[in-house]
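Below is one structure, written out as structure tokens; the observations come after it.
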Amino acid sequence: TMEQTFVMIKPDGVQRGLVGEIIGRFEKKGFSLKGLKFVNVERDFAEKHYADLSSKPFFGVLVDYIISGPVVAMVWEGSNVVVTGRKIIGATNPADSAPGTIRGDYAIHISRNVIHGSDAVESARKEIALWFPEGPIAWRSAVE
Ligand code: CMP
């Protein structure tokens, strides 16, 4: 089924120059880019994005990491993009992510794992609404 997912290149992915590589993998698979922005997120926003994990012992570390530098927030669309996108990304723990996946190729640490992708259609819908409240495309007009 045609669906959308939310993908975020985390601060380590940006700092290590992996933005083009990551976007290229989604493009070459055949998915369509529907929204993209470069964002510094504030603590309260990161806590909201990861609210489901607020009781985890690593929550503080996770939030500190996400706010440590700019991230690339994207909306990708295509057939089964939520599940297939997570296959392209690879398992959360880089020790389990297969070579050929983004995390398998570029990450060795579970809390610095380069990229985030929504885990279900419903969480994608929530995350897209949170990150792109004005819609995925920015419109600019000289006439105000
Ligand atoms: P992500 O796909 O963004 O979803 C939640 C994130 O929590 C996950 O990627 C990891 O970066 C992080 N995470 C999950 N488990 C751990 C852990 N045991 N220690 C530190 N960070 C973790």
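The values are calculated or read from the model by the stated rules, or taken from the named source; none is laboratory data. Worth saying up front: this structure is predicted, and the values here are computed from it rather than measured. Cβ: placed from backbone, ideal geometry, glycine included. Neighbour counts: every protein chain shown. For the accessible areas, the whole protein counts, side chains as well, though only heavy atoms, and no ligand, DNA or RNA atoms are used. Shrake-Rupley method; radii C 1.70, N 1.55, O 1.52, S 1.80 Å.
On the basis of the beta-carbon distance and an R0 of 30 Å, Phe58 and Thr1 show a calculated FRET efficiency of 0.35. Separation of segment 103-126 from segment 26-79 is 8 Å, based on Cα centroids.
All other residues with a Cβ under 13 Å from the Cβ of Ala73 taken together, and with Lys, Arg as +1 and Asp, Glu as -1, what is their net charge?
Charge balance in the 13 Å sphere: +1.
Ignoring ligands, DNA and RNA, what percent of the 1.4 Å accessible area of segment 15-54 is carbon and sulfur? Walk me through the numbers on the way to the answer.
Numbers: 1230 of 2680 Å².
C and S fraction of accessible area: 46 percent.
In terms of the ratio Rg/(2.2 N^0.38 Å) built on C-alpha atoms, what value belongs to segment 17-72?
Details: Rg = 14.0 Å, N = 56, 2.2 N^0.38 = 10.2 Å.
That works out to 1.37 for segment 17-72.
Other residues within the sphere of radius under 12 Å centred on the Cβ of Glu122, judged by their own Cβ, net out at -2 (K and R +1, D and E -1). Here Lys87 is the anchor, and the lysines within straight C-alpha reach of less than 18 Å, apart from those fewer than 8 places off in the same chain, are Lys10, Lys28, Lys29. With all pairs of different C-alpha atoms in the average, the Kirkwood value for the hydrodynamic radius of the chain is 15.5 Å. At 222 nm, what helix-only mean residue ellipticity would the chain give, in deg cm²/dmol to the nearest 500, using -39500 (n - 2.57) for each DSSP H run of four or more? That calculation yields -10500 deg cm²/dmol at 222 nm.
As a length-normalised measure over Cα pairs under 8 Å and 6 or more apart, the relative contact order of the chain settles at 36 percent.
Probing with 1.4 Å while keeping every protein chain in the model, the per residue accessible area of the chain equals 56 Å².
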